[in-house]
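Chemist: This is the structure, below, for whatever I ask next.
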Amino acid sequence: MTDLVVVGNGPVAHRLVEQLPERGHQGTITVLGSEPRPAYNRALLTNLLDGTLEPEVLTLPLLASRVRVRIGVTATGIDRAARLVCADDGEIYRYDKLVMATGARPRIPDVPGVVTGTGQLAAGACPLWTIADCGRITGDRVVVLGGGVLGVEAACALRRAGREVSLVHPGPYPMDQHLDETGGRLLAAQLMQLGVSTHLEHNAAEYRPGALVVDDGQVLDADTLLLATGSTPDTGLARDAGLLVGNGVLVDDLLRTSDPRIHAIGDCAEHRGAQPGHLGRGWEQADVLACLLTGGGGRYSGSRTVLRARITGTDVAVIGSPDRTDGELVTLSDRGRGRHARLLLRDRRITAATLIGLPEATATIGRLYEQNRPVPSDALALLLGTTPGRAGTVELPGHAVICSCNNVTKDTLIHAWRRGCRDLPSLAEATRATTGCGRCVSEVRRVRDSMEAA
């Protein structure tokens, strides 16, 4: 019998706890979640901004009845010697094993006026980190501060919802930490075409409710200032408990912290120096730890990351590390049609890729990379989506997995569609497709569209 306490109730913690009863875990399982609502998929928040999904669709499935989930409860301290977790509900929770899945916190920029003298965010300024944050975005004029993945997704979603959107970003082009210059310039042009006013290579100089002053003197009207300025692993609880902390809580290949009774997974954990921020990495860690906690073997040796921005009308994917330069380079640029690809190969296998406006190639290349399979001899045909047997959606066999997070096949989606699930929310509810990392949304939509057109 092992009494387990999990601190955190996000999608990574949920994935772990969901598996434990199925794997035969013996003992109590208690989950402490600081938000006053059941677990939901934070990765899909931008889909709420344009109405693509409703909030209830983000809610994750109920856990087994014997799992005790305490929502609205924040862990305040850990007594490692006595193996106790103290919480703000006045309760003390005993553990044999403790899992920290505290995630990350939004990084608040050091811009005059954003934070008040009492340490609170100024009126009209908010991050995009929770469902509640989505409800704080008010008015017709929104300034998005930060042009990373979240900032770009949010700007596009808000613009599609009819808002007047300005994007302020210090880099030379959006997503400059992920894209090469050609791809970044192409994305910037597509944002402008969508109607997003971009202010690149500029910093925020001052905020006052209703307006953001840019460093060149421009004053941007802002009913809401949306802070998309990065995140920081939430390590305060671990640090206070005396665990070793770097950028995140340091863990080994068994996902153990410096205390072997305490594990850490997801965005709060640092494994071999890998940067947090990829939900897929947290999912894989949860899978490995579920096996370890129920007597199985295995180690976590790292993840093959695939980042896919959720931007309707523009498919943007970054596969592997964008900083890699070793290997055979294959590029394709078609600015007129909004397409760009940069593919890096070693021994005919993909080590890194950047893809814009190439959804069929993205689906194929993503799977080749995840499975570490060699690419076809005609790499250009692969990028153009003309390789026979490519892994698009309509052409895929029925057993092909569309949503890898929840192992949802094309046949499963088709059967759900035939049972009357004709839109994305109902397909998600019936099959759980899109409720993981969210990067299969466009592929699920294409399966649905192909069925409607048949």
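Chemist: Quick one: which strands (runs of 3 or more DSSP E) lie wholly within the range 1-99 and hold at least 1 residues that are outside the structural domain of ILE137 (by TED's automatic domain parsing) and among the small types (Gly, Ala, Ser)? Steps first, answer last, please.
Modeler: Details: elements: 4-7, 29-33, 67-71, 75-79, 84-87, 92-94.
Correct list: 29-33, 75-79, 84-87.
This table checks each residue for (1) charged (D, E, K, R); (2) assigned to a strand (DSSP E or B); (3) in contact with a Phe, Trp or Tyr (Cβ under 6 Å, 6 or more places away or on another chain).
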{"site": "GLY296", "(1), (2), (3)": "no, no, no"}
{"site": "ARG299", "(1), (2), (3)": "yes, no, no"}
{"site": "GLY302", "(1), (2), (3)": "no, no, no"}
{"site": "GLY313", "(1), (2), (3)": "no, no, no"}
{"site": "VAL318", "(1), (2), (3)": "no, yes, no"}
{"site": "LEU332", "(1), (2), (3)": "no, yes, no"}
{"site": "LEU345", "(1), (2), (3)": "no, yes, no"}
{"site": "LEU355", "(1), (2), (3)": "no, yes, no"}
{"site": "THR362", "(1), (2), (3)": "no, no, no"}
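Chemist: Pick out the one residue from LEU243, LEU254, LEU237 that is under 15 Å from VAL99 (Cβ atoms), out of contact with any strand residue (DSSP E or B) (no Cβ under 7 Å at 6 or more places or on another chain) and not polar (S, T, N, Q).
Modeler: On the way: LEU243 fails: out of contact with any strand residue (DSSP E or B) (no Cβ under 7 Å at 6 or more places or on another chain); LEU237 fails: out of contact with any strand residue (DSSP E or B) (no Cβ under 7 Å at 6 or more places or on another chain).
Step by step, each of LEU243, LEU254, LEU237 is checked, and only LEU254 is under 15 Å from VAL99 (Cβ atoms), out of contact with any strand residue (DSSP E or B) (no Cβ under 7 Å at 6 or more places or on another chain) and not polar (S, T, N, Q).
Chemist: Now for a different question. Can you confirm whether GLY113 is farther than 28 Å from GLN275 by Cα, surrounded by fewer than 21 Cβ atoms within 10 Å (Cβ to Cβ), at pLDDT 95 or above and in contact with a strand residue (DSSP E or B) (Cβ under 7 Å, 6 or more places away or on another chain)? Explain how you work it out, then say what you get.
Modeler: Values: farther than 28 Å from GLN275 by Cα: yes; surrounded by fewer than 21 Cβ atoms within 10 Å (Cβ to Cβ): yes; at pLDDT 95 or above: yes; in contact with a strand residue (DSSP E or B) (Cβ under 7 Å, 6 or more places away or on another chain): yes.
Judged against the criteria, GLY113 is a match.
Chemist: So which of GLY184, GLY151 ends up being assigned to a helix (DSSP H, G or I), under 19 Å from ILE108 (Cβ atoms), under 22 Å from the mean Cα position of the chain (by Cα) and in contact (Cβ under 8 Å) with a residue 12 or more places away in the chain? Working first, answer last.
Modeler: Numbers: GLY184 fails: under 19 Å from ILE108 (Cβ atoms).
After ruling out the rest, the residue left standing is GLY151.
Chemist: Another one. Whether any residue in the range 278-288 is of a type in the set (A, V, I, L, M, F, W, C), closer than 17 Å to VAL12 by Cβ and surrounded by fewer than 16 Cβ atoms within 10 Å (Cβ to Cβ) is what I want to check. Spell out how you get there, then give the answer.
Modeler: Within the range 278-288, the subset of a type in the set (A, V, I, L, M, F, W, C) is 279, 283, 286, 288.
If we keep only those that are closer than 17 Å to VAL12 by Cβ too, we end up with 279, 283, 286, 288.
Checking the rest, the ones that are also surrounded by fewer than 16 Cβ atoms within 10 Å (Cβ to Cβ) come to none.
Within the range 278-288 (the criterion being of a type in the set (A, V, I, L, M, F, W, C), closer than 17 Å to VAL12 by Cβ and surrounded by fewer than 16 Cβ atoms within 10 Å (Cβ to Cβ)), the answer is no, since none of the residues qualifies.
Chemist: Now for a separate question. Which ones in the range 123-144 are surrounded by fewer than 16 Cβ atoms within 10 Å (Cβ to Cβ) and assigned to a loop (DSSP other than H, G, I, E, B)?
Modeler: Passing the criteria: ALA123, ARG136, THR138, GLY139, ASP140.
Chemist: Kindly establish whether ALA274 is in contact with a Lys or Arg (Cβ under 9 Å, 6 or more places away or on another chain), surrounded by fewer than 16 Cβ atoms within 10 Å (Cβ to Cβ) and over 17 Å from ARG105 (Cα atoms). Spell out how you get there, then give the answer.
Modeler: Working: in contact with a Lys or Arg (Cβ under 9 Å, 6 or more places away or on another chain): yes; surrounded by fewer than 16 Cβ atoms within 10 Å (Cβ to Cβ): yes; over 17 Å from ARG105 (Cα atoms): yes.
Yes; evaluated as a whole, the condition is true for this residue.
Chemist: Here is a list: THR116, THR130, THR138. Which entry is over 28 Å from the mean Cα position of the chain (by Cα), β-branched (Val, Ile, Thr) and not assigned by TED's automatic domain parsing to the domain that holds GLY277?
Modeler: Values: THR130 fails: over 28 Å from the mean Cα position of the chain (by Cα); THR138 fails: over 28 Å from the mean Cα position of the chain (by Cα).
That would be THR116, the only listed residue that is over 28 Å from the mean Cα position of the chain (by Cα), β-branched (Val, Ile, Thr) and not assigned by TED's automatic domain parsing to the domain that holds GLY277.
To keep it simple, each residue is scored yes or no on (1) β-branched (Val, Ile, Thr); (2) surrounded by fewer than 16 Cβ atoms within 10 Å (Cβ to Cβ); (3) closer than 15 Å to GLY151 by Cα.
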site	(1), (2), (3)
HIS169	no, no, yes
PRO174	no, no, yes
HIS178	no, no, yes
GLY183	no, no, no
LEU191	no, no, yes
LEU200	no, no, yes
ASN203	no, yes, yes
GLU206	no, yes, no
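Chemist: Give the number of residues within the range 239-282 that are in a helix (DSSP H, G or I) and of a type in the set (Lys, Arg).
Modeler: Step one: filter the range 239-282 for residues in a helix (DSSP H, G or I), giving 239-240, 266-268, 279-282.
Imposing the further condition that a residue be of a type in the set (Lys, Arg) reduces the set to 239, 281.
Residues meeting the conditions: 2.
The values are calculated or read from the model by the stated rules, or taken from the named source; none is laboratory data. If you're wondering where the values come from, they're calculated on a predicted model, not measured in any experiment. Counting neighbours? That spans all protein chains shown, and the Cβs are built from the backbone with ideal geometry, glycine included.
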